[in-house]
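The values are calculated or read from the model by the stated rules, or taken from the named source; none is laboratory data. Worth saying up front: this structure is predicted, and the values here are computed from it rather than measured. Because the Cβ atoms are built from the backbone with ideal geometry, glycine has one as well, and the counts that use them run over all protein chains shown.
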Amino acid sequence: MQETIFSRAPFRISFAGGGTDLPEYYEKYEGVVLSTAIDKYCYTILRQSLDDSFHLKSAIDGIVWECFQGIPKIYTEDRLAIQKSAIATCYEGKQALDIFTTSEIPSGTGLGSSSALAVSVLQALLTSSNVPYSKYDLAEAACRLEIDVLRSPIGKQDQYASAFGGLNLIWFYRNETLVEPMQIAPERLRLLEDNLLLFYVGGTRKASEILREQKQATQSNMQTLDHLHQLKQLALDMANSLRRGQMNEFGSMLHHAWELKKGLSDKISNPHIDEIYQLTLKLGALGGKLAGAGGAGFLMLYVPQTSQPKIKDKLEAFGVREMPFSFDFEGACLLKSGWFIVRSNQR
């Protein structure tokens with residue numbers, strides 16, 4: 001019997017450029033996003049089934065279980081849609097499989113959960129099928145699965161961030177996507193990591209609802225298009241500020257990026273989130289934004305360390321919890337028991 005495969009893929013936080021990874025934008029103007037993977041993960045455990053049926057189990061947002069034979073039918077609203085779509089489109093083996101998926105963070109909180117799941121499942125399936133793959137292959141397979149097969153109105157940044165890991169500028173062109181790792185002095189990278197905080201402000205939402213509105217506005221609304229142009233430039237400016245070590249400038253530009261992003265849709269923020277964010281600015285935060293498409297989930301802040309204790313104390317009094325994190329530089333990888341990296345079919 002084939003050995004059990006343990007696959008892991010990270011979540012991400014995006015600083016600027018979100019929305020320019022939608023085809024409605026990058027096919028005309030080229031897009032770019034500045035983002036980093038973080039040490040919160042989606043996991044897939046895969047092994048050959050003891051019978052001739054596929055057994056899918058998920059512990060993401062509750063327990064879901066399903067058993068079936070043959071190639072699964074794909075329903076976009078199915079809670080196992082990503083797993084089934086991956087089997088239907090990418091699995092080349094003949095043996096039925098047991099697949100278990102779980103996540104450290106609930107879905108719909110703005111950290112790229114669906115793409116981390118897609119990358120994790122696809123990596124396990126490709127490995128099981130003995131198909132060689134690169135990180136680019138893995139990211140593109142996840143994009144095809146989510147965007148083409150499941151018809152999600154999302155962009156391509158999350159899949160690439162999860163597959164590659166690290167702090168990157170991700171460039172989007174009509175016919176290709178390129179990942180440019182940021183070359184930053186280690187002490188500046190540590191300072192960036194130390195000054196970034198994540199707080200769960202509550203709620204979940206489907207990014208597709210906000211992104212569908214943005215896709216339409218990109219094609220017809222000149223103000224939306226202008227905001228996207230500015231967000232793209234901000235991603236480049238923020239990357240340059242990191243290279244120069246101008247960390248406070250980075251934090252201030254993060255605030256500007258959030259103000260521009262709110263102009264893309266009235267669903268991106270709400271009075272509760274605005275109140276919390278304005279409070280953190282008064283207490284010393286230089287900038288911040290809701291992670292992902294917005295609407296709910298995690299608030300990311302750039303806060304010099306001297307101001308962090310009072311912000312943490314005040315938000316805790318509001319019932320807003322901090323989630324400590326670090327950057328991830330492995331990207332998608334294979335694990336064994338004990339959670340250490342053992343091997344990969346990556347080319």
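Here are a few things to note about the model shown:
- Residue selected from the range 233-254 under the condition surrounded by fewer than 18 Cβ atoms within 10 Å (Cβ to Cβ) and out of contact with any helix residue (DSSP H, G or I) (no Cβ under 7 Å at 6 or more places or on another chain), by the criterion nearest to Leu301 (Cα to Cα): Ser252
- For Ala296, the conditions (1) of a type in the set (A, V, I, L, M, F, W, C); (2) modelled with pLDDT of 85 or more; (3) in contact with a strand residue (DSSP E or B) (Cβ under 8 Å, 6 or more places away or on another chain); (4) in the same structural domain as Gln278 (by TED's automatic domain parsing) all hold with the exception of (2).
A quick yes/no check of all residues on (1) under 19 Å from Ala37 (Cβ atoms); (2) out of contact with any helix residue (DSSP H, G or I) (no Cβ under 9 Å at 6 or more places or on another chain); (3) in the same structural domain as Arg47 (by TED's automatic domain parsing); (4) not aromatic (Phe, Trp, Tyr):
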position: Val119; (1), (2), (3), (4): yes, no, yes, yes
position: Thr127; (1), (2), (3), (4): no, yes, yes, yes
position: Tyr136; (1), (2), (3), (4): yes, no, yes, no
position: Ala142; (1), (2), (3), (4): yes, no, yes, yes
position: Leu150; (1), (2), (3), (4): no, no, yes, yes
position: Lys156; (1), (2), (3), (4): yes, no, yes, yes
position: Tyr160; (1), (2), (3), (4): yes, no, yes, no
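- Set Gly19, Gly62: member being under 16 Å from Lys156 (Cβ atoms), in the same structural domain as Gln95 (by TED's automatic domain parsing) and at pLDDT below 95: Gly19
- Boolean, Glu176 is surrounded by fewer than 17 Cβ atoms within 10 Å (Cβ to Cβ) and over 18 Å from Gln305 (Cβ atoms): yes
- Note on the range 65-87: among residues that are of a type outside the set (Val, Ile, Thr) and in contact (Cβ under 8 Å) with a residue 40 or more places away in the chain, the one that is farthest from Leu138 (Cα to Cα) is Ala81.
- Total residues in the range 129-140, condition surrounded by fewer than 23 Cβ atoms within 10 Å (Cβ to Cβ) and small (Gly, Ala, Ser): 2
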